[in-house]
Amino acid sequence: MSIEIPHLNERLVEAARYALMRRLMPAIRHHIAGTLQPIGMMSAMLKRRIQAATPDMVELGKNTQALNDLSREAAATSLNLMTWLAPKDNDPVALNSAVEESFGLIATELSFRGFSVVNETAEVSVKLPKGVVRSVFTASLIALTDAAGNPAKVVVSATQEAGIVQLQISIVPNDTADLAMADSRAPGYRALQWADVQALANAEGVRLHHAFDSVRLAYGPALP
């Protein structure tokens, strides 16, 4: 006897988003902590200068302004990182900068696992909905490297033709990679599966095709 699950597709998308966020959370925490570290250092320096026998008020003024600037920057960065967890919009964003943002978020994990990244999307001037890159592209990148196992080079390229944007992520063997330096520990959460990526692609209107060493994403109103 089969059991029907109401809104099955929505639940699959929700599960895939949760799996992706669990993989991204360590990186998000690390980046937020990184923005707060300079504030702590500046605060400690201000405390020492205030407690001096004859505080230099000019320098204290400069330090206070610097602390204010650091606080604003940290708040803006943290708020942007938090939108990965709870997106407020799906506005169009520049493809190359959005890809760089995704790389920046998981670059440390990829590096620890022995993967180097080559981004060749800079020459494609096009905008995509934020969710396409943050959700489908990032999940594809993680799923592909999870499946690859051994350290390698990751090459990302893009093309635009007849109203369709295609993103290609390829795994290229890296003969110079130091296998001994690669961190072989399992990820903090389960590996992403292509079923997860497909659910996210369906939700964002992206056509997905994957092989053992590559994945291609196609997006555009001209898609049949």
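Quick note: the coordinates plus some simple rules give every number you see, no bench work behind them. Everything numeric in this text was worked out from a predicted model, so none of it was measured. Neighbour counts run over all protein chains shown; Cβ positions are idealised from the backbone, glycine included.
Quickly rank 45-52, 102-109, 74-81 as a protection proxy: mean count of other C-beta atoms within 10 Å, highest first.
Packing order, densest peptide first, comes out as 102-109, 74-81, 45-52.
Could you pull out the GluC sites (Glu not before Pro) across region 115-173 that fall in loop regions by DSSP (anything but H, G, I, E, B) with no more than 13 other Cβ atoms inside 10 Å?
Within region 115-173, the qualifying GluC sites (Glu not before Pro) (loop, at most 13 other Cβ atoms within 10 Å) are E123.
Using the charge dipole of the chain (Lys, Arg: +1 at Cβ; Asp, Glu: -1 at Cβ; taken about the Cα centre), state which of T54, V124, A86 has its Cα farthest towards the positive end.
Projecting each Cα onto the dipole axis, the largest value belongs to T54.
Which helices count as membrane-span-like in the chain under these terms: full DSSP H, at least 30 Å along the axis by C-alpha, Kyte-Doolittle mean of -0.5 or more?
Passing helices, by number: 8-50, 57-82.
Which value, in debye to the nearest 20, gives the size of the charge dipole of the chain about its Cα centre, when Lys and Arg are +1 and Asp and Glu are -1 at the Cβ?
640 debye
Treating only the Cβ atoms of Lys and Arg (+1) and Asp and Glu (-1) as charged, compute the dipole magnitude of region 25-98 about its Cα centre; round to the nearest 20 debye.
Using Cβ point charges on Lys, Arg, Asp and Glu, region 25-98 gives about 280 debye.
Please check: in the Gaussian network model of the chain (C-alpha springs, under 10 Å), which one of S140, S43, S97 has the largest mean-square fluctuation.
For the chain, modelled as a Gaussian network with Cα springs under 10 Å, the answer is S43.
For K130, give me every one of the lysines with a C-alpha distance below 27 angstrom, ignoring sequence neighbours fewer than eight places off in its own chain.
Cross-link targets: K88, K153.
Take every Cα pair under 8 Å in the chain that's 6+ residues apart, average their separations, divide by the length, and report that relative contact order as a whole percent.
It comes to 23 percent, rounded to a whole number.
Would you work out which of L167, L144, A191 lies farthest towards the positive end of the dipole of the chain? Charges go on Cβ: Lys and Arg +1, Asp and Glu -1.
In the chain, that residue is A191.
If one computes the Cα centroid of region 113-158 and of region 12-27, what distance in Å separates the two points?
17 Å
Divide, for the chain, the radius of gyration over alpha carbons by 2.2 N^0.38 Å, where N is the residue count.
Compared with the compact-globule rule of thumb, the chain sits at 1.24.
When ranked by the protection proxy of mean other Cβ atoms within 10 Å per residue, highest first, what sequence do the peptides 164-172, 29-37 form?
Peptide ranking by packing, descending: 164-172, 29-37.
Set the Förster distance to 25 Å, then compute FRET efficiency between N80 and V118 from the Cβ-Cβ distance, nearest 0.05.
Computed FRET efficiency for N80 and V118: 0.50.
Given the rule -39500 (n - 2.57) for each run of at least 4 DSSP H residues, summed and divided by the residues of the chain, what is its mean residue ellipticity at 222 nm, to the nearest 500 deg cm²/dmol?
Helix contribution divided over all residues of the chain: -17000 deg cm²/dmol.
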